[in-house]
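Undergrad: What follows is a structure written as structure tokens; I'll ask about it next.
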């Protein structure tokens with residue numbers, strides 16, 4: 001449930017940031033026509049990277065505000081092979 005909330009908030013956050021980048025690139029294009037496309041591309045690609053930490057913080061805040069505990073562990077921990085478990089003596 002928390003993962004679905006995070007992905008939904010990420011999509012919304014990325015869309016809002018994309019729209020903001022579009023508006024900024026339109027303003028830049030009116031002043032410097034040659035820089036409009038480059039501004040749009042930089043803001044377009046950057047929005048995906050900046051939207052993720054913002055979405056994580058918003059989601060954690062909403063989960064805690066609802067009275068739940070934020071899940072921080074990955075599922076399938078006992079079957080993961082990238083963690084070195086200490087050997088147990090038999």
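A short reminder: the numbers here are calculations on the coordinates, not readings from a lab. In this text, all values refer to a predicted model and were calculated from it rather than measured experimentally. Quick reminder, even Gly has a Cβ in these numbers, built from the backbone with ideal geometry, and neighbours come from all protein chains shown.
Undergrad: Could you work out how far apart the two model spin labels at residue 41 and residue 19 are, taking each label as a point 7 Å from the Cα in the direction of the beta carbon, and quote it in nm?
TA: About 2.6 nm separates the two model spin labels.
Undergrad: With a point put 7 Å past each Cα toward its Cβ, work out how far residue 72 is from residue 29 in nm, to one decimal.
TA: For the pair residue 72/residue 29, the computed spacing is 4.4 nm.
Undergrad: Taking a spot 7 Å from the Cα of residue 12 along the direction of its beta carbon, which residues of the range 31-50 have an amide N less than 20 Å from it?
TA: The answer is 47-50, whose backbone nitrogens lie closer than 20 Å to the label point.
Undergrad: Which Rg and Dmax, in Å, describe the Cα atoms of the range 2-71?
TA: In Å, with Rg to one decimal and Dmax whole: 15.6, 51.
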